[in-house]
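*Asks:* Right, I'll just put the structure down here and ask away after.
Read the figures in this text as sums done on the coordinates, not as results from a lab. For clarity, every value in this text was computed on a predicted model and none was experimentally measured. Here Cβ is always computed from backbone atoms with ideal geometry, including for glycine, and neighbour counts include all displayed protein chains.
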Amino acid sequence: MADVTLYEISERVTFDPDPHNPAVIVRTATSPLLGFAAVGTPLCPSDLLISVPRLRSCTVSANGTSSVSVVTGLGLVSGTFDVLINAPGNDPVHVPDLPVISGKFDGSVDLSAAVVRRVPHGSVTGTFTFPDPTTGQLVTLPFTGKFRLPFGLDALGRALRHRDTPAHFYLADDESSHIRIRSDERSVGFPTVRLEVRFQ
């Protein structure tokens, strides 16, 4: 089970020559992400239950940027994140919006499976850095992550390109089984990229 699960709400992509090697094109993507951290994990410490006793998970909002070679699928990723709870006065169904932990992340991203082999997986390794909410001391947390890219299939197992079909999936770790995408894993109808983060 992932410590943090994030979903790519939208994405803006550009393709530009690598400044260090103009013969190579780099795909630069910027994305807002939203998801949840499990209670008891570093981004959702059990101490939060004191102020939010019914907390079942912590909402995590992030903005990330990646730069990846379209030849190798390798590159870098960085961004910022907030762990959020519901602000006083909000209706309970309101999206959490009060940050209780804020920091940054950076690392290396490997999308070679998707770029080279056309397998809808990717991986990331890096660190989360943030001030400890209790002591204020800087915390650096190594992490690994797995990207699952969505795809569609019809009843005969043929690839689909239409977003309105409910038959959207993620590929399981065995690279043959399918994980059906739930309604809460969509962004205004679009199936989202899912990032599963585990702390080391």
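*Asks:* Do any trypsin sites (Lys or Arg not before Pro) in segment 72-175 lie in a loop, going by DSSP, with at most 15 other beta-carbon atoms within 10 Å of their beta carbon, and if so which?
*Replies:* Sites meeting the loop and neighbour criteria: 117, 118, 158, 161, 163.
*Asks:* Now, a different point. How are the alpha carbon pair distances in segment 4-114 distributed across 10 Å bins from zero to the largest one, expressed in percent?
*Replies:* 14, 37, 25, 16, 7, 1
*Asks:* By counting other Cβ atoms within 10 Å of each Cβ, how are 94, 20, 168, 121 ranked from fewest to most? Don't skip to the end; give the middle numbers.
*Replies:* Details: 94 10, 20 7, 168 22, 121 19.
Ascending number of Cβ neighbours within 10 Å: 20, 94, 121, 168.
*Asks:* Starting from segment 1-73, pick out the trypsin sites (Lys or Arg not before Pro) whose DSSP state is loop and whose Cβ has at most 11 other Cβ atoms within 10 Å.
*Replies:* The qualifying sites are 54, 56.
*Asks:* First check a/c for segment 85-185, with a ≥ b ≥ c the square roots of the eigenvalues of its C-alpha gyration tensor; if it is under 1.5, answer rounded, and if not, answer prolate when a/b is larger than b/c or oblate otherwise. If you can, show how the numbers build up before the last one.
*Replies:* Numbers: a/c = 3.82, a/b = 1.53, b/c = 2.50.
Verdict is oblate for segment 85-185.
*Asks:* Size of the dipole of the chain about the Cα centre, Lys and Arg at +1 and Asp and Glu at -1 on the beta carbon, nothing else charged, in debye to 20?
*Replies:* Charge dipole, the chain, about its Cα centre: 460 debye, nearest 20.
*Asks:* What residue among 149, 48, 38 has its Cα farthest toward the positive end of the dipole of the chain, where the charges are +1 on Lys, Arg and -1 on Asp, Glu, each on the Cβ?
*Replies:* The one lying farthest along the dipole's positive direction is 149.
*Asks:* Roughly how far apart, in whole Å, are the Cα centres of segment 134-150 and segment 93-132?
*Replies:* Cα centroid of segment 134-150 versus Cα centroid of segment 93-132: 7 Å apart.
*Asks:* Can you tell me which of 190-198, 125-133 comes out highest on packing, and rank the rest after it, using the mean Cβ neighbours within 10 Å?
*Replies:* 190-198, 125-133
*Asks:* Next question, about the same structure. So what's the convex hull volume per residue for the Cα atoms of the chain, in Å³?
*Replies:* 141 Å³
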